[in-house]
Amino acid sequence: MKGVLTPIEMKAVDRNTEYNHIPTIVLMENAGSSIAGYIMNNFPDKKKISIYCGTGGNGGDGFVIARHLLNQGYKIHLFLLSKPENIKNKDSKTNWKSINLISKTDKNLKLSKITDSSQLKPDNSDIIIDAILGTGVNGRLREPISSAIDNINYSPAIVISVDVPSGLDPEDGVVYDKSVVAHTTLTLHKPKTGLKLADNKYVGNIEVLDIGIPLVSEEYTGVGDLLKLKTPSTSSHKGENGSVLIIGSNPDYIGAVIFAAEAAISRGVDLVFIVAPESSAKIIKQYNPEYIVKSIEGDVLNMDGYPIISELIDRVDSILIGSGAGLSSQTGELFNKIVTSTDKKIVIDADALKLVDKQNIIDSNTLVTPHIREFKEFFGCDLPDKRDDKIKLLEKLSKEYNTVILLKGVVDIVVSPDDYKLNSTGNQGMTVGGTGDLLAGLCVGISTRNTLYESAYISAFILGNAGDKLVEEYGFNYTSSDLLKII
């Protein structure tokens, strides 16, 4: 597992934790409690504390911190830098209602709602807690947040930031306008990439606090990983939302290409190009007018089609080879030529795993999608029995061959040279023909806007989740066409 997370990876882990039946409000409670505990342990004599809160989850952490410190006799001045009705995060809303009620009865809590920068006065607290912004910023900060950051930085107090200093981009560490200058940053669960990239003068000492996120939320796929899917821009034009090239099919396996193409289209790609033997192409063209189908003369894919394919490769983002292609040596020659002649993303599936030489993928941008038998044949080695040993072997091979590996099984194992992910969605009904083609199509479609690694584990989750939904309605008697409707 990675030691540092991007902001979107952290959001995915939070959502996956909820998917794993731990409510996000529990994580907020744990965060606030952990930060309050840090302050009590490290600053037992500094009892006068200001907490500056925004309207998101970061502010919600601040409300919880205030509640816990009040119970230990601290004097708290809490600043909400907005109107309460602007609090959108549901957990923050709940904790705001709580701290607002407490302010009416606890003389040690002063609550100020700041809507104008003129309401801010010099702060002479012992400690200031910055719980204003947790998300990325890419321009000038609005008031009263901008003035609040000045107020914090001008104060002689010890400054502690929650997760990241407000104003610093948590992804790349850039300060576009201004940032809180923290003595200490208490980051939650794991450090964010921006903290590692930022100028140390902004982040100060970085401490990582556990907030009760279980390993399963990061190690296994979940609905949170869908947050990583890129959505089309409102100003996008045709082709900007992804284009794929699928090369496969022979007269006996025409459906494989169609399943893959339909799965790719389900991901919102703008253009799907298909290259198939002439005898298959005629039928594929009739299935969906959205396909742009090019044919190669004869019944098998061969080098005669390479000029057409080479031209199309320049027009697409990602390529899928293998679906229903057959095992002709002529097809193998074509596939190996494709793999060694482009740096475009390539998903190698089905028959292509039997035809492509593994040495040819080392300098290419590839994802291989074998089941256990295909794995043994492609890599020429057996898999260990224990899952941890499987992961170690796959990580070794991923680094050695510079490829992403999606090993299909009861629990899918997805590895890149840098990380791994497990997927436990799906069931035995998915042994029906065509499911592998759907998975490959999802992978190539998602990879047009995501990395091959992300596309692999997100695709495995989507397909398996669809299968699990179908079991609830049909038992194990469903088809790949049923899966396609769900995905």
Could you go through the stretch 196-204 and let me know if any residue there is part of a strand (DSSP E or B) and either more than 19 Å from the chain's Cα centre (by Cα) or crowded, with 23+ Cβ neighbours inside 10 Å (or both). no
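Please note which strands (runs of 3 or more DSSP E) are completely contained in the stretch 47-154 and include at least 2 residues that are among the charged types (D, E, K, R). Don't jump to the end; show me each part of the working.
Values: elements: 48-53, 75-80, 109-113, 127-131.
Once the strands (runs of 3 or more DSSP E) in the stretch 47-154 are filtered for at least 2 residues that are among the charged types (D, E, K, R), what remains is 109-113.
Out of Asn30, Asn41, Asn100, I need the residue that is closer than 20 Å to Leu133 by Cα and open to solvent by 30 Å² or more (accessible area, probe 1.4 Å). Which one? Lay out the reasoning, then the answer.
On the way: Asn41 fails: closer than 20 Å to Leu133 by Cα; Asn100 fails: closer than 20 Å to Leu133 by Cα.
Just a single option satisfies the conditions, and that option is Asn30.
Does Lys345 satisfy the condition of being under 23 Å from the mean Cα position of the chain (by Cα), among the basic types (Lys, Arg) and closer than 19 Å to Ile413 by Cα? Break it down stepwise before answering.
Working: under 23 Å from the mean Cα position of the chain (by Cα): yes; among the basic types (Lys, Arg): yes; closer than 19 Å to Ile413 by Cα: no.
No: the conditions fail for Lys345.
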Every residue from the stretch 465-478 that is more than 29 Å from the chain's Cα centre (by Cα) and open to solvent by less than 60 Å² (accessible area, probe 1.4 Å): Gly475, Tyr478
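Restricting to the stretch 288-297, count the residues that are surrounded by fewer than 16 Cβ atoms within 10 Å (Cβ to Cβ) and either within 17 Å of Ala263 (Cβ to Cβ) or in contact with a strand residue (DSSP E or B) (Cβ under 6 Å, 6 or more places away or on another chain) (or both). Working first, answer last.
Step one: of the stretch 288-297, the residues surrounded by fewer than 16 Cβ atoms within 10 Å (Cβ to Cβ) are 288-290, 292, 297.
Next, from what is left, pick out any that are either within 17 Å of Ala263 (Cβ to Cβ) or in contact with a strand residue (DSSP E or B) (Cβ under 6 Å, 6 or more places away or on another chain) (or both): 288, 290, 292.
So the answer is 3.
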Give me the pairs: first residue in the stretch 414-430 and open to solvent by 10 Å² or more (accessible area, probe 1.4 Å), second residue of a type in the set (D, E, K, R) and part of a loop (DSSP other than H, G, I, E, B), beta-carbon distance under 7 Å, and six or more apart or on different chains, which are they? Asp419/Lys2
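Would a scan of the stretch 162-177 turn up a residue that is in contact with a His (Cβ under 7 Å, 6 or more places away or on another chain), outside any helix (DSSP H, G or I) and not charged (D, E, K, R)?
Start the filter on the stretch 162-177 by keeping residues that are in contact with a His (Cβ under 7 Å, 6 or more places away or on another chain), which leaves none.
Scanning the stretch 162-177, I find no residue that is in contact with a His (Cβ under 7 Å, 6 or more places away or on another chain), outside any helix (DSSP H, G or I) and not charged (D, E, K, R), so the answer is no.
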Subset of the stretch 201-248 (residues that are modelled with pLDDT under 95 and either under 29 Å from Ala182 (Cβ atoms) or touching a strand residue (DSSP E or B) at 6+ places or on another chain (Cβ under 7 Å) (or both)): Gly239
If you scan the stretch 178-190, which residues turn out to be surrounded by 21 or more Cβ atoms within 10 Å (Cβ to Cβ) and under 20 Å from the mean Cα position of the chain (by Cα)? Thr187, Leu188, His189
Only one of Ser92, Ser112, Ser117 that is over 22 Å from Leu27 (Cα atoms), touching a helix residue (DSSP H, G or I) at 6+ places or on another chain (Cβ under 6 Å) and open to solvent by less than 80 Å² (accessible area, probe 1.4 Å): Ser117
Which condition number in (1) buried (at least 20 other Cβ atoms within 10 Å of the Cβ); (2) out of contact with any Phe, Trp or Tyr (no Cβ under 8 Å at 6 or more places or on another chain); (3) within 30 Å of Tyr38 (Cβ to Cβ) is the one that Glu262 fails? (3)
Helices (runs of 4 or more DSSP H) contained entirely in the stretch 323-438, each with at least 3 residues that are among the aliphatic types (A, V, I, L, M): 329-340, 352-355, 387-401
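Could you identify the single residue in Ile284, Ile274, Ile309 that is assigned to a helix (DSSP H, G or I), without any contact (Cβ under 8 Å) to a residue 40 or more places away in the chain and of a type in the set (Val, Ile, Thr)? Before the answer, list the steps.
Values: Ile274 fails: assigned to a helix (DSSP H, G or I); Ile309 fails: without any contact (Cβ under 8 Å) to a residue 40 or more places away in the chain.
Exactly one residue qualifies, and that residue is Ile284.
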With respect to the numbered conditions (1) over 19 Å from Leu439 (Cβ atoms); (2) touching a Phe, Trp or Tyr at 6+ places or on another chain (Cβ under 8 Å); (3) surrounded by 17 or more Cβ atoms within 10 Å (Cβ to Cβ), which one is the sole condition not fulfilled by Asn336? (2)
What are the residue pairs meeting all of these: first residue in the stretch 380-398, first residue at pLDDT 95 or above, second residue of a type in the set (Lys, Arg) and part of a helix (DSSP H, G or I), Cβ atoms under 7 Å, and 6 or more apart or on different chains? Asp382/Lys376; Leu383/Lys390; Pro384/Lys390
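Residues are listed down the side, and each one gets a yes or a no for (1) open to solvent by 40 Å² or more (accessible area, probe 1.4 Å); (2) over 30 Å from Val410 (Cα atoms); (3) modelled with pLDDT of 95 or more:
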{"residue": "Val275", "(1), (2), (3)": "no, yes, yes"}
{"residue": "Ser318", "(1), (2), (3)": "no, no, yes"}
{"residue": "Ile321", "(1), (2), (3)": "no, no, yes"}
{"residue": "Leu327", "(1), (2), (3)": "yes, no, yes"}
{"residue": "Ala350", "(1), (2), (3)": "no, no, yes"}
{"residue": "Val356", "(1), (2), (3)": "no, no, yes"}
{"residue": "His371", "(1), (2), (3)": "yes, no, yes"}
Among the residues of the stretch 234-241, is there at least one that is in a helix (DSSP H, G or I), under 24 Å from the mean Cα position of the chain (by Cα) and crowded, with 19+ Cβ neighbours inside 10 Å? no
Give me the pairs: first residue in the stretch 399-413 and in contact (Cβ under 8 Å) with a residue 40 or more places away in the chain, second residue surrounded by fewer than 21 Cβ atoms within 10 Å (Cβ to Cβ) and in a strand (DSSP E or B), beta-carbon distance under 9 Å, and six or more apart or on different chains, which are they? Asp412/Leu422
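The values are calculated or read from the model by the stated rules, or taken from the named source; none is laboratory data. Small disclaimer: the values here were computed from a predicted structure and weren't measured. Using ideal geometry, Cβ is built from the backbone for each residue, glycine included, and neighbour counts are taken over all protein chains shown. Please note that ligands, DNA and RNA were not included when accessible areas were found on the heavy atoms of the full protein model with its side chains. Shrake-Rupley method; radii C 1.70, N 1.55, O 1.52, S 1.80 Å.
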